[in-house]
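Reading through the C-alpha cells given below for one structure.
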Amino acid sequence: MEFYAVANQKRPVRLSRETREFAWESLMGKYGDEAMETPSVSLDHIAGFDNLSPLKQYDIAISEIAEKAPIRICKNEKISGAATLGDAILHRVPASRNGKTLWPSVSHLTLGFDKVLRIGINGIEKEIEEHLKNNNVPDCQREFYESLKNTISSLRLWHARYLDALKEMNSPNYTVLKNVPFEPPGSFHEAVQSLWFAFAFTRLTGNWSGIGRIDQMLGGYLKSDLDSKLITIDEAREILAHFFIKGCEWIRSAPPRESGDAQHYQNIILSGIDENGNDVTNDVTWLVLDIIEELGISDFPVSVRVNRNTPDKLLNRISEVIKFGGGIIAIYNEELVIQSMIDFGYSLEEARRFANDGCWEVQVPGKTYFTYIPFDGLKVLLNTLGIDSTTFGGTGGLRNEYKSMDELYQAFRENLKATVESIYSITVKSRLQFNDRQWKWKTNIPCTVVSLFTEGCIQNGRSYLEGGPVYNVISPHIGGVADIANSLYAIQKLVFDDKLISLNELTGILERNWENNEVLRQIALNKYEYYGNDNDEVDEYAARILDDFADMVEELNGRCPISFPPGVSTFGRQIEWAKYRSAVPFGRKKGEILSGNSSPSPGTDYRGATAIIKSYCKANLARLTCGSALDIVLHPSSVAGENGTVAITSLVKGFISLGGFFMQMDIANTDVFRKAQENPEQYRTLSVRVSGWNARFVTLDRDWQQMIIERAEQGI
C-alpha cells in the first residue's frame, strides 16, 4: 500500500495502518462506485407534485434525499456523514421525477462553514425565525424563509438517521456527532465533525463548495484541546486525516474520461492573516501539510496565502510537500490580492478574509455569489485580422487596413471592448431587469441549501441565485493572452521590423494553415523569443492587453447590483478552443493546443521558471481582482534533495517580490505520464494539477492528458 509520488522518494508514514487503509480504499473508488449504484431518490410517488411551486418541489426533494439517501458508516471512521447519491457527483440535485433530475446544483462558491462553527445551525435558525416574525414580509420572501426552515428540518432528519445508526453500532462517533452541527462544537474532534457534516449535507444535495480557511476555523479548538491535554497532536492528525479521506468519497474506480475525477471545487486555504491582520498559521496548518504529504490526496487542492513576512519554516515545509508532485499546493500573493480587492471597493477587513470559489478565483467566503464568463481573446485578434469572425462582438478586420502595429492594436482593442461590452449586456439581461427606476433580480432555480450557508440571503430574504448574498460577482475572464501577445509580436517582427512578408500575405498563409510556407513558419517559431522568456518587447504586449482589458471592465463595473471584476483563465478550454482557431502568426498550426491561464504557449519558453515568472509579473496583476493564474511545471530532477527545497522556496519568494498573483506549481515527469497511459492500473493514484483543480492522470481523456504532457515537457 504505497501512495504514489513523482519524486524519487517514498512518502513518510505518520498515520495508523487503519487510517491509511481507509485512505487507500477511498482512493481506489470503493465509495464513489457505491454512490453510483443509487443515483438519486425518486419523487414519482409525491401526489400533486407537478402543481406545486418550484420552491415547494425543491423542499420536498431535499426532504426525500435526507430521508432516503443510503447511510454509510465506514469501519474505524472518526467522523460520520456521507454524500451517497451518484447524481450529486454529476452536479445535479439527486432527486428525480419520471426518470429525470429536476435541477442542476450550485458550484464555484465557498460557503460560510465558519458561521456554523460559531453559532451552530440552531443559531442560524433563530435568525430565520426573527425575520418570520415580521408581519410585513412579502409572500415570496415568507416562502423562502419557510424553505430555509424546511432545509434545516431535512438536515435534522439526516442527522437523526446517522445518530440512530451510530448508536446501534455502539460507535464512539455517536457522542462526537450528537450536538453538532446544531450547537457550536466543544472540542477539536467535534469541530472537525461539525465542519464535515455541514459540508457533507451540501454535497449530499448535489452542491460543490469550497471549504475555505480550514486552519483559521479549526485552529483555536485544537490549541485549546492541546493546552488542556485532552488530545495529542498525533490523535489530532488522525482525526483531521479522516476529513480528507472522506472527501475522496466521490472517486470512482472507472470514471468516464473527461477533465478529471476530482473536479468538485472543494478547495482549502491555508495560512495568511485574519481580518485584524494577525497571522492565522497554527497547528492545523502543519497537520494539513502532513496529511497531504503522506497520502497524496489531491481532492482538496490547497492554496497557501504567502506574504513577505511568511517565515522560512512555512515556506520550506510547503516546498517539501510540493516536491512529491501532484500539484496539490498553490500560492497566493496575499498582499497583492488584498490590495487588489481594496482597490476594487472591498473594505480592508473583508479583503483580508479572502478565499476562493473552489478553483482560484478570489471571493469573500460565505458571502459571495460568483460565476465567471470565459472567452477566447485570441479569437478576437484573429477576427481583427479578418481571419475569424466567431466572437462575442466586434466588426472584424479588413485586409491591408493596418499600416502599422499601432493601427492593428487599436483595431484589436476596439474589438476586445465590443466583446467585453457584449458579455456585460448578456450577463445583466439574463439575471436582472430594470423596472420603476430600480434593478430587480429575475427568478431562478431553487437553491435553498446553499442559501442557508451564505451570508445575506437570510437578511435580504432572497436566494443565493436571486441577489441574496452580500456580494454578487460575475467576472469576465480573458483567455489566450500569451497567444495574443506572441501573435502581435510575431506580426511586428515578420511584417513591420524584418519586412519578410506583408500583413495581407501573412493572413492568407494563416488561413491556409502555413501550407507551402514551412521556411517562414520555422522563422516565426524559432527566431523570436516569446512570452515566458523575460523578453520585454513581447511581455509589454501581454501587459498592455491586460491593462486595457482591466480598463474596459472597470468602465462597466458599478452600473448595476452585480460586481464585474476582471480575471484571466482558460481552465483547460484551450483544448476545445484549438478546434476552432486558425493557425497563428508565431508559427503554430490550426488545432494545436496553446496557452493555459496566464502561462506561456507550449513550446515557446525555454529560459526557465524564473524567466516565466518575470514575464508574468510585468503586468499590473493587481488590476485583475478575480485572479490570474500562472502554471509552473518542474522536473523531479530539478527539485531533488535539500537544494530542491531551497529552489522551490526561492521561486515562491521571487514570485511574491515581483508582484505575482497566483501560482500553481507541479512536479511532473513525461516518462511517467506515458507509462500511465500504457498501464493506467499501475498509476491510479497519480495526481496532476489540471487548472484550478487536481485529477488522477488516468481519469483524464486523451486530449487532456496530451495537454498535461505538453505542459510537462516545458518542465525545467
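Every number in this text was worked out from the coordinates using simple rules, so none of it is lab data. In this text the structure is predicted, and so the values were computed from the model without any measurement. Neighbour counts are summed over all protein chains in view; Cβ atoms, including those assigned to glycine, are modelled from backbone coordinates with ideal geometry.
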*asked:* Need one number: nm distance between label points at Leu132 and Ile73, each 7 Å from Cα along Cα→Cβ, rounded to one decimal.
replied: 3.1 nm
*In nm, to one decimal, how far is the modelled label at Ile342 from the one at Glu554, with both set 7 Å along Cα→Cβ?*
1.7 nm
*Sorted by mean Cβ packing within 10 Å, highest first, what order do the peptides 287-294, 221-228 take?*
287-294, 221-228
*Just rank His91, His45, fewest to most, by other beta-carbon atoms within 10 angstrom.*
His45, His91
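Over the chain, what is the mean sequence separation of C-alpha contacts under 8 Å (at least six apart), divided by residue count, expressed as relative contact order in percent? Display every interim value, and only then the final one.
On the way: 1451 pairs, mean separation 114.2, N = 716.
Here the relative contact order equals 16 percent.
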*Residues in the stretch 253-295 near a label at Gln677, defined as backbone nitrogen under 20 Å from the 7 Å Cα→Cβ point?*
255-261
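According to the Kirkwood expression over distinct Cα-Cα pairs, how big is the hydrodynamic radius of the stretch 148-252, in Å? Write out the running numbers ahead of the final one.
On the way: mean 1/r = 0.0678 Å⁻¹.
Value: 14.8 Å, from the Cα pair sum.
Among Ser147, Ser209, Ser171, which comes first, second and so on when ranked by fewest other beta-carbon atoms within 10 Å?
On the way: Ser147 24, Ser209 30, Ser171 18.
By the 10 Å Cβ count, ascending, the order reads Ser171, Ser147, Ser209.
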*Can you count the Lys pairs in the stretch 368-625 whose Cα atoms are under 19 Å apart, with each pair 8 or more apart or on different chains?*
15
*asked:* With the crude spin-label approximation of a point 7 Å out along Cα→Cβ, what separation in nm comes out for Arg156 versus Asn98?
replied: 3.5 nm
*Using 14 Å as the cut-off for backbone N distance, which residues of the stretch 56-78 belong to the label zone defined by a point 7 Å from the Cα of Glu37 along Cα→Cβ?*
70-74
*Convert each backbone phi in the stretch 15-21 into a coupling constant with the Karplus relation 6.51 cos²θ - 1.76 cosθ + 1.60 (shift: θ = phi - 60°), then list the ³J(HN,Hα) values in order as whole Hz, x for Gly and Pro.*
7, 5, 4, 4, 5, 5, 5
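So between Glu537 and Glu258, what do we pick up on full extension, going 0.36 nm a residue minus the alpha carbon distance? All intermediate terms of the calculation are to be shown ahead of the outcome.
Values: separation 279, 0.36 × 279 = 100.44 nm, distance 3.78 nm.
So the extension gain works out to 96.7 nm.
I'd like to compare 349-357, 264-272, 679-687: which one has the highest average count of other Cβ atoms within 10 Å, and what's the full order after that?
Details: 349-357: 22.3, 264-272: 23.9, 679-687: 17.1.
The most tightly packed comes first, giving 264-272, 349-357, 679-687.
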*asked:* What three numbers, in Å, describe the spread of the alpha carbons of the chain along their principal axes, ordered from the longest?
replied: 81, 67, 49
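Please get the size of the charge dipole for the chain, origin at its Cα centre, with Cβ charges of +1 on Lys and Arg and -1 on Asp and Glu, quoted in debye to the nearest 20.
Numbers: 76 positive and 93 negative charges, 137 e Å.
Roughly 660 debye for the chain.
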_Distance between the C-alpha centers of the stretch 237-300 and the stretch 586-648? Whole Å please._
24 Å
*Compare the peptides 28-38, 368-378, 454-464 by average per-residue count of other Cβ atoms within 10 angstrom and give them in order, highest first.*
368-378, 454-464, 28-38
*asked:* Ignoring everything except DSSP H segments at least 4 long, calculate the 222 nm mean residue ellipticity for the chain; use -39,500 (n - 2.57) per segment, divide by total residues, nearest 500.
replied: -14000 deg cm²/dmol
*Starting from the Cα-Cα distance between Asn316 and Asn276, subtract it from 0.36 nm times their residue separation and give me the gain in nm to one decimal.*
11.8 nm
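Roughly what % antiparallel, to the nearest 5, for the DSSP beta bridges in the chain?
Values: 17 of 52 bridges.
Within the chain, antiparallel bridges account for around 35 percent of the total.
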*Answer with one residue from His189, Gln682, Leu289: the one whose Cα lies farthest towards the positive end of the charge dipole of the chain, charges on Cβ with Lys, Arg +1 and Asp, Glu -1.*
Gln682
*Please report, in debye to the nearest 20, how large the charge dipole of the stretch 368-625 is about its Cα centre when each Lys and Arg carries +1 at its beta carbon and each Asp and Glu carries -1 there.*
740 debye
_Leading residue at positive end of dipole, the chain (Cβ point charges), from Asn444, Val306, Asn669_ = Asn444
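State the extension gain, in nm to one decimal, for the chain segment bounded by Cys140 and Ile46, taking 0.36 nm per residue of separation less the distance between their alpha-carbons. Intermediate values should be presented prior to the final figure.
Numbers: separation 94, 0.36 × 94 = 33.84 nm, distance 2.33 nm.
Answer, rounded to one decimal: 31.5 nm.
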*Taking a ≥ b ≥ c as the square roots of the eigenvalues of the Cα gyration tensor of the stretch 368-625, is the shape rounded (a/c under 1.5), prolate (a/b larger than b/c) or oblate?*
prolate
*C-alpha center-to-center spacing [the stretch 148-193, the stretch 321-388] in angstrom*: 35 Å
*For the stretch 368-625, give the share of DSSP beta bridges that are antiparallel, in percent and rounded to the nearest 5; count only bridges with both residues there.*
25 percent
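Excluding same-chain pairs closer than 8 in sequence, count the lysine pairs in the stretch 185-324 whose Cα atoms lie under 25 Å apart. The partial results should precede the final answer.
Values: Lys223/Lys246; Lys223/Lys313; Lys246/Lys323; Lys313/Lys323.
So the count of such lysine pairs works out to 4.
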